[in-house]
Amino acid sequence: MVGVLVRLRLTLLRNQARGGVEKVLLLVVSVLMAVGTGAAVLVGLVGLRFVGLDLAGAAVVVLGAVAVLAWSLLPLLTSSDDVLVDPARFALVPLPSRTLAAGLLAATAVTPMGAVTVLASLAMAVTFSRGPAPAAAVAVALVGALLGSTTCLLASRTVLTSAAAALAGRRGRELTIAVGVLMVALLGLTGPVLAEVGERLRTGAVDAFVQVMAWSPVGAAWSAPWAAAEGRWGVAGARLVVAIATLVGLWLLYVRAVRGRLQPTGSTRSRQVRGVPATGTAPGRSLLPDTPLGALTGRALRYWVRDSRYQVSVVALPVVVGMFLALPGLTDAPRGFALVAGPLLGLLLGITMLNELAFDGSALWTHLAAGVHGRDDRSARVLAMLLWGAPATVVVAVLGAVVGDRPDLASAAVGLSVGALLLGTAVAAVSSVVLPFPVPPAGSNPFAGNPGAGAAALAQQGLSLLVLVPLLLPLLGLGAWAWYTPVVGWLLVLFGTVYGTLLLAVGIDVGGRVMDRRGPELLGRLSR
Amino acid sequence: MTTGALSCEGLTKRYGTTLAVDRLDLTVPAGSLFGLVGPNGAGKTTTLSMTTGLLRPDAGRVVVAGVDVWADLQRAHRVLGVLPDGLAVLDRLSGPELVEYTGRLHGLPRAEAASRAAELLDVLDLADAGRTLVVDYSAGMRKKVGLACALVHAPRVLVLDEPFEAVDPVSGTTIRALLRRFTADGGTVVVSSHVMALVEQLCDRVAVIVAGQVVATGTVEEVRGEGSLEERFVELSGGSRGLGGGLSWLASSSG
């Protein structure tokens with residue numbers, strides 16, 4: 001059975017290599033990433049042979065622990081489409097869960113990243129080929145590498161399988177998406193953090209931390225050869241025991257998780273809408289006019305709160321903006337950096353709207369069949385964003401000027417930000433009906449993308465920016481003037497608002513006409 | 001040609017090289033409960049999409065309640081109530097929210113839309129679902145909430161694509177009663193379905209579509225002739241292919 005699953009993995013890889021351009025590209029990218037990572041680890045481990053044993057040992061422990069953690073957490077975000085992950089797919093095949101677990105684990109080792117992890121870690125033998133008995137240290141290193149890399153693979157399967165039940169539900173998937181976006185947004189911080197850790201490693205300030213890691217389940221396998229190279233055989237043996245115990249524990253957990261997935265699941269929990277009375281007459285909503293436009297706007301507002309694809313923006317934008325606001329305080333970036341936050345938020349909010357119509361997918365028929373006017377549809381979607389987006393942009397622009405130590409530029413920042421927001425929205429009001437491209441439905445992995453939509457997405461975003469950038473030039477010109485003559489900022493507020501509103505009105509009108517004329521064709525495009 | 005509540009003339013739709021609907025003519029008399037049947041891929045959904053203004057035909061004309069659909073989409077949408085098959089719904093709304101929303105898009109005042117939504121969902125036994133989002137509904141519940149959306153603006157012609165799919169027998173009975181009531185009050189209903197027994201029992205008139213054309217139409221009695229509607233349908237669709245001499249090994253499992 002293990003052989004069958006490994007062969008299935010190889011068949012899948014071969015089919016991917018024979019698939020369309022995008023599949024092949026994906027495979028090439030994943031192989032390149034794996035080989036690149038492997039090469040870097042290999043060079044690093046060989047290079048560490050020529051530095052002091054204490055530094056080399058500590059570095060290997062930290063690297064190994066990071067590998068185990070990365071293997072445990074990253075697949076939660078990426079491998080949702082891998083058929084060789086979820087044991088539930090094999091529920092109809094009469095197999096003991098232990099056999100299935102072993103097969104799925106072996107199939108993981110035959111992925112590009114899995115194979116590279118196992119092979120590259122063996123280079124640890126080079127790092128520790130020293131000390132009183134080099135040959136014995138090499139042997140310990142080889143055993144440690146196999147234990148450590150197997151821990152990586154097994155940990156990733158155990159976490160994924162245990163999470164599978166939760167991930168299968170809509171809420172779970174949406175939660176992962178939000179966490180994933182947050183993690184991606186925070187990736188920018190990993191560089192400085194790693195540098196800091198390296199610095200501390202060199203100065204020996206994290207000695208205690210490394211000592212704890214060395215005995216912990218995530219580090220024991222990687223620290224055993226270090227002790228062996230020092231000639232501390234007892235310690236090396238004890239660490240190997242910890243590593244083996246970790247593997248056994250993980251294995252038991254994994255088999256249990258597999259067994260759990262093979263059993264039929266109970267009823268799926270459904271979600272109640274929080275805070276919305278069943279009648280749908282929340283106090284704030286009655287402020288919207290009692291017209292189709294009011295209904296459309298209310299619906300669009302609800303979607304900003306309830307649809308994971310909108311939530312992605314709602315979660316990611318504050319992180320990005322916050323980084324710009326906080327950067328001058330945290331690093332030695334120029335303080336003026338914070339001034340960018342407002343205009344950036346305005347621009348990004350506009351860009352979020354570029355393909356907003358496509359989020360409805362084929363559900364757009366509801367609007368067509370109700371004879372909604374294109375202009376109402378366009379206006380409502382814009383309104384629902386501007387109602388909170390415009391105040392937020394103004395606040396961030398002012399904050400940026402204050403944090404950036406140029407309060408005199410607050411008016412200019414507000415003018416530029418509001419202008420950028422309105423212009424981006426104006427372009428989006430047209431682009432989302434003229435060049436929409438289908439997007440993955442809500443609740444699916446937003447990183448997965450939609451095969452075939454790549455070129456369309458590129459065309460839409462590229463063309464939209466091509467239109468948007470020249471439109472922004474007058475604002476940027478005034479902005480540059482205001483930099484030297486801050487009082488011009490007030491002119492920028494006036495101009496940005498009027499110019500932006502005018503173009504937004506044009507955008508809504510044009511977009512609305514297109515929608516009225518080509519509604520069925522739009523529906524056809526989005527139903528694919 | 002007599003003009004009914006809904007009539008198609010020379011309706012044609014081509015996808016690439018496939019002719020999905022081929023110069024189709026169809027007349028649905030006012031006040032009838034009309035069944036549209038046909039094998040998989042016969043062009044039922046394509047036809048219904050074109051009659052409801054959701055798919056532009058390559059050629060032909062559709063008139064609903066006196067309105068030329070493709071000449072005046074706005075007015076057509078006012079007289080039509082639609083339940084499409086295979087299209088998404090705005091499923092991040094709860095049932096009451098979705099029905100009320102649909103009603104308000106049709107121009108109903110908020111209070112009127114809300115009370116109609118509550119009444120419809122109560123009749124369709126969805127009142128208990130309350131604040132559950134439609135995305136968490138079962139397939140049958142989705143059909144029912146879709147039906148409520150199609151009815152909320154009191155259309156004159158209802159076009160329902162596979163309204164009974166995944167609907168349990170109890171709800172099915174309710175829906176049938178609802179549709180009979182709708183036609184008794186002067187409305188017209190067009191339903192497509194695979195289930196012949198259901199069409200035979202529910203509808204007063206049927207049309208059989210095969211390969212994008214109407215091959216038989218009339219009252220249920222006229223179309224079915226001597227045998228059952230199912231037998232007639234299989235015959236019109238080109239007959240059962242039978243099993244031939246194959247699959248004999250299936251028998252071994254019982255021995």
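Here are the numbers:
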item: Residues with amide H under 5 Å from that of B:LEU133, placed H, sequence gap 5 or more; result: A:ARG271, A:VAL273
item: Estimated buried accessible area (total), pair B and A, 1.4 Å, Å² to nearest 100; result: 3600
item: Antiparallel content of DSSP bridges confined to the protein assembly as shown, in %, to 5; result: 55
item: Helix-only mean residue ellipticity at 222 nm for chain B, each DSSP H run of n ≥ 4 adding -39500 (n - 2.57), per residue, nearest 500; result: -10000 deg cm²/dmol
item: Per-residue mean of C-beta atoms belonging to partner chains within 10 Å, peptide A:356-363; result: 2
item: Carbon/sulfur fraction of accessible area - the protein assembly as shown, other protein chains in place, 1.4 Å, %; result: 67
item: Neighbourhood net charge (14 Å Cβ-Cβ; Lys/Arg +1, Asp/Glu -1) for A:MET124; result: +3
item: Shape category assigned to segment B:1-72 from the gyration tensor of Cα positions, a/c cut at 1.5; result: oblate
item: Semi-axis lengths (Å, descending) of the ellipsoid that matches the C-alpha gyration tensor of the protein assembly as shown; result: 56, 40, 22
item: Contour excess over end-to-end distance, with Cα ends at A:LEU502 and A:LEU32 and 0.36 nm allotted per residue; result: 164.3 nm
item: Length added when fully stretched, A:VAL314-A:ALA40, from 0.36 nm per residue minus Cα-Cα; result: 95.0 nm
item: Under Karplus coefficients 6.51, -1.76 and 1.60, residue-wise ³J(HN,Hα) of segment A:498-507 in Hz, glycine/proline x; result: 5, 4, x, 5, 4, 5, 5, 4, 4, x
item: Phi-based couplings in Hz for segment A:41-54 (Karplus 6.51, -1.76, 1.60; Gly and Pro marked x); result: 5, 4, 4, x, 5, 5, x, 5, 4, 9, 10, x, 4, 4
item: Rounded if a/c under 1.5, otherwise prolate or oblate - segment A:15-113, Cα gyration tensor axes; result: oblate
item: Percent of C-alpha pairs per 10 Å bin, segment B:125-227, short to long; result: 13, 43, 32, 10, 2, 0
item: Nitroxide proxy distance, nm - points 7 Å out along Cα→Cβ at B:ASP85 and A:ALA163; result: 3.9
item: Distance between modelled label sites at B:ALA166 and A:ARG18, nm, 7 Å Cα→Cβ extension; result: 3.4
item: Per-residue average of Cβ from other chains inside 10 Å of B:113-124; result: 1
item: Listing of segment B:135-153 residues, each with accessible area lower by at least 40 Å² in the full protein assembly than in the chain alone (probe 1.4 Å); result: B:ASP136
item: Calculated FRET efficiency for the pair A:ALA480/B:GLU9, C-beta based, R₀ 60 Å, to 0.05; result: 0.40
item: Residue-by-residue Karplus 3J(HN,Hα) for segment A:387-398, coefficients 6.51, -1.76, 1.60, Hz, glycine and proline x; result: 3, 10, x, 5, x, 4, 5, 4, 4, 5, 4, 5
item: 10 Å Cβ neighbours from other chains, averaged over peptide B:80-91; result: 5
item: Among A:481-487, A:492-498, the order from most to least packed when residues are scored by Cβ within 10 Å on average; result: A:492-498, A:481-487
item: Percent breakdown of C-alpha pair distances by 5 Å bin, ordered from the shortest bin, for chain B; result: 1, 6, 13, 16, 18, 16, 12, 8, 5, 3, 2, 1, 0, 0
item: Under 5 Å, built H, 5+ apart or other chain: amide partners of B:ARG14; result: B:ALA20, B:ASP58
item: Mean accessible surface per residue for segment B:105-255, computed with a 1.4 Å probe while every protein chain stays in place, in Å²; result: 49
item: Charge tally in the Cβ shell below 14 Å around B:VAL190, where Lys, Arg are +1 and Asp, Glu are -1, B:VAL190 excluded; result: -1
item: Protection-proxy order for peptides A:153-163, B:135-145, each taking the mean of Cβ atoms within 10 Å per residue, highest first; result: A:153-163, B:135-145
item: Amide hydrogen neighbours beyond the local backbone of B:VAL82, cut-off 5 Å, H modeled; result: B:VAL159
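The values are calculated or read from the model by the stated rules, or taken from the named source; none is laboratory data. Note that the structure is predicted; figures quoted are calculated from it, not measured. Methodologically, a virtual Cβ is constructed for each residue, glycine included, from the backbone with ideal geometry; neighbour enumeration extends over all protein chains shown. What goes into the accessible areas is simple: the full protein's heavy atoms, side chains included, and nothing from ligands, DNA or RNA. Shrake-Rupley method; radii C 1.70, N 1.55, O 1.52, S 1.80 Å.
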